[in-house]
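Below is one structure, written out as structure tokens; comments come after it.
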Amino acid sequence: MSANNSPRPVAKASVMAIEAYVPGKSAAPGVAKVFKLSSNETPLGPSPAAIAAFRANAEHLAVYPDGAATRLREAIGKRYGLDPSRIICGNGSDDLLGLIAHAFLGAGDEGLYTQHGFLEYPIVTRAAGATPVVAPEKDYQADVDALLAKVSEKTKVVFLANPNNPTGTYLSFAEVKRLHAGLPAHVLLVIDAAYAEYVTRNDYAAGIEPAADSENVLMTRTFSKIYGLANLRLGWAYGPAHVVDAMNRIRGPFNVNGAAIEAGIAALADQAHLDKAVAHNERWLSWLTKEIEKLGVKVTPSVGNFLLLHFPKGEGRDAKAADAFLTSRGYILRAVGGYGLPHCLRLTIGTEEANRGLVVALSEFMGKAGG
Ligand SMILES: Cc1ncc(COP(=O)(O)O)c(C=O)c1O
């Protein structure tokens, strides 16, 4: 036994190197009406059928859920034409990202992601004892050549959010295929398609095809965004049998709760609700982009349910001042300094009332700041 004089237990250095994930703010002290536009939640809420299924599950709280989430995997399989045995469900897609890291990354390995990529990637990489490696982006967009240039013998996982949070940009399916083709066979490409349902571009695909046809692509999805079930924590992944098998070995035996399983099945069946959410987003994404740019705030073109706003850098009109001003008016946006974007705020598409009000408040801020 080695001598250890530490007066208390010491967490691993790799864990203490992690900067904990900071969720979006949800309160604006002293403001009567608050619009939370900081967490990419849907303003339409979940399908009423999902709420009814959640309530009905209250009768069964003493009983363990089906640890394999069989009916949910079958429902997802039916909806997308996938083999349910190659689907794994998780406590949010965050849970699945953690399982991937723990199954495929260890000391000496590298997890690769992009410059403004989703912050869970370095967190799960470090938590697994591996090293996060960052590839530069071009115009706030993932750059396939830059990613491939960072791949080494040590690279075990490439995390790609498509579309990406917080930039809202995406890679065309052709570019995703080019990335996949350029990766050595030992590298797992994780396509995180949390916002896939919102994308209406012809050249986009969520990643089902490479996840179906190759040995090294896994696609992750979530019920937190367009399905409006963020509170229940429900995500799923689809990929090669050997990858799903590895993840199944280490997941919590009941990692998805019964309420989430029932609500997820019901939500999947309500296509009309999903269509409504897509239409709402289409309308307000383009309206907000135009109106906000008119105010002199640059907006990165987005295909998700959120926009990245770039504020001028001068004193009094920068992102920090905008954040404080908008919060005082009840509009809570997301500060993204942790993503290397201290001059930006991320805005989630809200209800019509929230969107219109936000533009009024922002024009007041920009007018005031400019005057
Ligand atoms: C790109 C991306 N991936 C994954 C997630 C995690 O979502 P959840 O754990 O709620 O499924 C988010 C949530 O913000 C996200 O933006």
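Below are the figures for this structure:
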quantity	calculated
All aspartates and glutamates inside 19 Å of LYS313 as judged from Cα atoms, apart from same-chain residues fewer than 8 positions distant	ASP139, GLU293, ASP323, GLU364
Cα-based reach from LYS154 at 17 Å (exclusive), listing aspartates and glutamates while leaving out same-chain residues under 8 positions away	ASP109, GLU110
Euclidean distance between Cα centres, region 18-40 to region 311-328, Å	16 Å
Inter-label distance for TYR21 and ALA146, nm, one decimal - labels placed 7 Å from Cα along Cα-to-Cβ	2.3 nm
Overall form of region 115-229 per C-alpha gyration tensor (a/c, 1.5; a/b vs b/c)	rounded
Positive dipole terminus of region 199-305, leading residue within PHE223, ASN248, THR289 (C-beta point charges)	THR289
Per-residue ³J(HN,Hα) for region 306-311, Karplus 6.51 cos²θ - 1.76 cosθ + 1.60, θ = phi - 60°, Hz, x for Gly and Pro	7, 10, 9, 9, 9, 9
Assigned charges on the beta-carbon of Lys, Arg, Asp, Glu; the chain dipole about Cα centre (debye)	760 debye
Accessible-area ranking of GLU282, GLU215, largest first, probe 1.4 Å	GLU215, GLU282
Residue-normalised accessible area of the chain, given per residue in Å² at a 1.4 Å probe	45 Å²
Residues listed by number, region 177-197, amide nitrogen under 17 Å from GLU153 label point at 7 Å toward C-beta	184-187
With DNA, RNA and ligands ignored, accessible area of SER363 (1.4 Å probe; Å², nearest 10)	50 Å²
FRET efficiency for ALA272 and ASN248, using Cβ-Cβ distance with R0 set to 41 Å, rounded to 0.05	0.75
Region 1-119 - percent relative contact order, Cα under 8 Å, separation 6 or more	12 percent
Hz values of 3J(HN,Hα) by residue in region 326-339 - Karplus curve (6.51, -1.76, 1.60), Gly and Pro given as x	5, 4, 5, 8, x, 9, 9, 9, 9, 6, 10, x, x, 9
Point-charge dipole on Cβ atoms (K/R +1, D/E -1) for region 202-250, about Cα centre, debye to 20	400 debye
Phi to ³J(HN,Hα) by Karplus 6.51 cos²θ - 1.76 cosθ + 1.60 over region 287-301, Hz, x for Gly, Pro	4, 5, 4, 5, 5, 6, 5, 4, 7, x, 9, 6, 10, 6, x
FRET efficiency, 1/(1 + (r/R0)^6) with R0 25 Å, evaluated for ARG79 and LEU44 via beta carbons	0.85
Residue-level accessible surface for GLU353, protein heavy atoms, 1.4 Å, Å²	100 Å²
Potential extension, GLU364-ARG8 segment - 0.36 nm per residue separation minus Cα distance	122.9 nm
Net +/- balance of residues flanking THR125 in space, Cβ distance below 14 Å, scoring K and R +1, D and E -1	-1
Charge dipole (debye, nearest 20) of region 117-275; +1 at Cβ of Lys and Arg, -1 at Cβ of Asp and Glu	500 debye
Carbon and sulfur %, accessible surface of region 33-169 computed with the full protein complex present, 1.4 Å	52 percent
Long-range HN-HN contacts of ALA128 with modeled amide H, under 5 Å	none
Contour excess over end-to-end distance, with Cα ends at ALA107 and ILE51 and 0.36 nm allotted per residue	15.8 nm
Residue among ALA194, SER14, ALA263 farthest towards the positive dipole end of the chain, charges placed on Cβ	SER14
HIS60/LYS177 FRET efficiency (R0 51 Å; Cβ-Cβ; nearest 0.05)	0.70
Extended-chain gain in nm, criterion 0.36 nm per residue less alpha-carbon gap, GLU352 and GLU209	47.9 nm
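The values are calculated or read from the model by the stated rules, or taken from the named source; none is laboratory data. It should be emphasised that the depicted structure is a prediction, and the values quoted were computed from it without experimental measurement. Every residue, glycine as well, gets a Cβ built from its backbone with ideal geometry; the counts of neighbours run over all protein chains shown. Surface accessibility is based on the protein's heavy atoms, side chains included, excluding ligands, DNA and RNA. Shrake-Rupley method; radii C 1.70, N 1.55, O 1.52, S 1.80 Å.
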